Amino acid sequence: MNIPEFDEIIEPNDQTEARAAHLAALRELVGNVYPNKFERSKFTGEEDTITNLLHFSAVKQVVDEIKRHISTLNEGERPHPEEKEALNAELRTFGNVRVSGRLTTTPRTMGKAAFVHLSDGKNRIQIYVRKDDVRAVSSQQSAGDSNSEAENGQEKLPTGYRLLPTGSGWDLFKLLDGGDFIGVEGYLFLTNTGELSIHVETLQFLSKSLLPMPDKMHGIADPELQRRYRYADLIASSLQVEHDGLTTREVFERRAKLISGMRRYLDDAGYIEVETPMLSPKATGAAARPFETYHNALDIPLYARIAPELYLKRLTVGGFEKVYELNRNFRNEGLSQKHNPEFTMLEFYCAYMDVNGMMDFAEAMIQEAVKKANDGSLVVKYGENEIDFGKFERLTMKEAIVRYFPEELREFGGNSIDEELLTHPVITQNLITLLINLTSNENLLRKDVIQEFEDENDFSKLSDEEIAKKISEKQKEIRLSSKDKIWELISTKAENLDVENILHGRNLASLFELVAETNLIQPTFIIDYPKSISPLSKASPTNPNIAERFELFINGMECANGFSELNDPREQYERFVDQMSAREGGDDEAMVLDEDYIRALAYGMPPAAGIGIGIDRLVMLLTNKHSIRDVILFPHMKPIVKAEQTEE
């Protein structure tokens, strides 16, 4: 078995060796260098984290008072001694506090005192350590005679640890490195700059950082390193002096608030949270390629779930009228800025509700959750766009295609784009072919634009925005000059097409993706999907070719999918059979027949509506992150292959 050595994982260098030497010296000084616990004080009424201490009203009031006083002073002038002493005296009445955290930098111990900051991952507080005032705590549990310990200048503490002699605290302090965890006890005071600080009286070592901390000015800039080493990214982001947008921790705190808000809204509305299998004998509930594994005891293949939908609807059959699950789904498909094989969905179902009621409910729930996560605001900034969650529009798929069809192509071959034209299968297919033919390679267009200038130097003076504008103008020019000719050619070739074999529903969806999807910036429900691409959805009572289905798009991303649930077992069986036929025809993402689900429906399921909401994409929007992997704590990454492994 090839097990790497510790030094192969943590490769030695000058810094790691110096830190290891400090750790050995600390072990000699305090004994156990990885103690089991540190008891923080509860002056604030709860555990005194650094954040709780800074936000405690009594402390904050004193700090605000010194800040007000300093604001009245001239530049370079110190606070009046009597003012500062009075406020410090008030802080001393609070007694000693015990806090812990990570050192943000390596202490500078050139003199007999030093300032350094401690961080709890959210906030930091300054500590003041003076050689003559601080004593070290030995984390070795005391087992000796208390009298002999007293003779050695040691004192037994209520925790069972020992307080080492005077001078030991400074010895310990000099062995600390940036990133180490320590616990301190002392009293609060204000510096001349008005900064709240702790005058340390006892110092306990809690854990050593054997690796140096990331650059506190810039953090970790490489997105791949941020995702691969999320723990280091969280540390770096918390220590970074200046931030552009949210810190990494704030991104995931906002994610937690969004999920919490949705859960609370559903709970308050009478929904029951459940858990359904992560592994199932059939990959059903959505059109996707699954991950496969094997159950040795049962001797059967199992699939990581691609959606919990059919299990949740079985519960609706069983009498759960309102049910939801916050779940992890797995789809063995590609990676992109919007797609990750492992992702989080919120899926819920409500009996006796239809698609319109579900859209109303989902809109209200998302708005409430966004307000909770976004400090009470329904407006978020995403890239160059401002998204208003206070307004949800509703468009049919055909309305969206007509609205966003390229302006220069609205008239072609004697036709004018409208909803009636989109009812013709051949024309719809030809429109897709037209758009694909007119999409030119951008590099070729750049060459065309370059040729319009006398020499390359003129072109090099253009900004990226000017180049993009000229390419867009050129693209429109090509479309206008060639659209009728291309349409005539396409139409001629399509004369002998078998209309029955044209997948009109799929073509409509493809046309929607080509012209409309990326233009849906504000929250928009797209409704009236073709029934043929909605195998689990009930048909519209007014048009049997249309499904009572919607998808929610925000900033060009699909964020939710819902519909009136199909509850006729025979029709559901026939839809599954159609999907199986598509699967045999080469569509490996088509659904498989789930016999047990058909059996469940045969017991009777009430009218119901359901929805699946993509949590990760909503978090992207609320945190201004443009890759889904930036809102997933530990996205899967390709393993790093070392040079010697490559040679082998």
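Points worth noting:
- Here is the figure for the stretch 289-309: residues that are closer than 30 Å to TYR352 by Cβ and either out of contact with any strand residue (DSSP E or B) (no Cβ under 7 Å at 6 or more places or on another chain) or in contact (Cβ under 8 Å) with a residue 40 or more places away in the chain (or both) total 2.
- The set of residues in the stretch 1-19 being within 20 Å of LEU175 (Cα to Cα) and open to solvent by less than 50 Å² (accessible area, probe 1.4 Å) consists of THR16, ALA18, ARG19.
- Checking each residue of the stretch 267-282 against the condition of being hydrophobic (A, V, I, L, M, F, W, C) and part of a helix (DSSP H, G or I) gives no match.
- Candidates in the stretch 536-559 are the residues that are open to solvent by 20 Å² or more (accessible area, probe 1.4 Å), more than 19 Å from LEU312 (Cβ to Cβ) and in a strand (DSSP E or B); of these, the one that is modelled with the lowest pLDDT is ALA539.
- Some residue of the stretch 298-307 being basic (Lys, Arg) and either open to solvent by 50 Å² or more (accessible area, probe 1.4 Å) or modelled with pLDDT of 95 or more (or both): no
- Top-ranked residue of the stretch 35-53 - restricted to ones that are open to solvent by 40 Å² or more (accessible area, probe 1.4 Å) and in contact with a strand residue (DSSP E or B) (Cβ under 6 Å, 6 or more places away or on another chain), ranked as modelled with the lowest pLDDT: PHE43
- Options VAL323, VAL274, VAL251: the member that is among the hydrophobic types (A, V, I, L, M, F, W, C), under 18 Å from SER564 (Cα atoms) and in contact (Cβ under 8 Å) with a residue 12 or more places away in the chain: VAL323
- Any hit, the stretch 70-91, residues being surrounded by fewer than 19 Cβ atoms within 10 Å (Cβ to Cβ), within 20 Å of ASN192 (Cα to Cα) and in contact with a Gly (Cβ under 8 Å, 6 or more places away or on another chain): yes
- Meets criteria (small (Gly, Ala, Ser), touching a Pro at 6+ places or on another chain (Cβ under 8 Å) and on the phi < 0 side of the Ramachandran plot) for ALA560: no
- Taking the stretch 47-69 as the range and being part of a helix (DSSP H, G or I) and either over 45 Å from the mean Cα position of the chain (by Cα) or more than 14 Å from GLY194 (Cβ to Cβ) (or both) as the test, the residues that pass are ILE50, THR51, ASN52, LEU53, HIS55, SER57, ALA58.
Conditions (1) touching a Lys or Arg at 6+ places or on another chain (Cβ under 9 Å); (2) not charged (D, E, K, R), marked per residue:
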site: PRO4; (1), (2): no, yes
site: GLU17; (1), (2): no, no
site: HIS22; (1), (2): yes, yes
site: LEU26; (1), (2): yes, yes
site: SER41; (1), (2): yes, yes
site: HIS55; (1), (2): no, yes
site: GLN61; (1), (2): no, yes
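- Where a residue in the stretch 214-233 is in a helix (DSSP H, G or I) and its partner, wherever it lies, is acidic (Asp, Glu), with Cβ under 7 Å and at least six apart: GLN226/ASP233
- Taking the criterion of being in contact with a strand residue (DSSP E or B) (Cβ under 8 Å, 6 or more places away or on another chain) and among the hydrophobic types (A, V, I, L, M, F, W, C), the residues of the stretch 109-124 that qualify are ALA113, ALA114, PHE115, VAL116, LEU118.
- So LEU312, is it within 30 Å of GLU565 (Cα to Cα) and in contact (Cβ under 8 Å) with a residue 60 or more places away in the chain: yes
- In this structure, THR193 qualifies as over 30 Å from THR16 (Cα atoms), among the β-branched types (Val, Ile, Thr), open to solvent by 20 Å² or more (accessible area, probe 1.4 Å) and assigned to a loop (DSSP other than H, G, I, E, B).
- Given (1) of a type outside the set (Asp, Glu); (2) touching a residue at least 60 places away in the same chain (Cβ under 8 Å); (3) crowded, with 17+ Cβ neighbours inside 10 Å, index of the condition ASN519 fails: (3)
- Qualifying positions in the stretch 103-120 - open to solvent by less than 50 Å² (accessible area, probe 1.4 Å) and either polar (S, T, N, Q) or more than 15 Å from SER197 (Cα to Cα) (or both): THR104, THR105, PRO107, THR109, GLY111, SER119
- Yes/no for LEU206 being surrounded by 15 or more Cβ atoms within 10 Å (Cβ to Cβ) and in contact with a Phe, Trp or Tyr (Cβ under 6 Å, 6 or more places away or on another chain): yes
Condition check ((1) surrounded by 19 or more Cβ atoms within 10 Å (Cβ to Cβ); (2) touching a residue at least 12 places away in the same chain (Cβ under 8 Å)) across all residues:
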{"site": "ASN356", "(1), (2)": "no, no"}
{"site": "ILE387", "(1), (2)": "yes, yes"}
{"site": "LEU422", "(1), (2)": "yes, yes"}
{"site": "VAL426", "(1), (2)": "no, yes"}
{"site": "GLN429", "(1), (2)": "yes, yes"}
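- Residue check for GLU28: open to solvent by 50 Å² or more (accessible area, probe 1.4 Å) and not in a loop (DSSP other than H, G, I, E, B): yes
- Any hit, the stretch 78-97, residues being closer than 29 Å to GLY219 by Cα and charged (D, E, K, R): no
The values are calculated or read from the model by the stated rules, or taken from the named source; none is laboratory data. Just so it is clear, the model here is predicted, and its values are computed rather than measured. When we count neighbours, we look across all protein chains shown, and the Cβ atoms used for this are built from the backbone with ideal geometry, even at glycine. When the accessible area is computed, the model is the full protein with side chains, heavy atoms only, and any ligands, DNA or RNA have been set aside. Shrake-Rupley method; radii C 1.70, N 1.55, O 1.52, S 1.80 Å.
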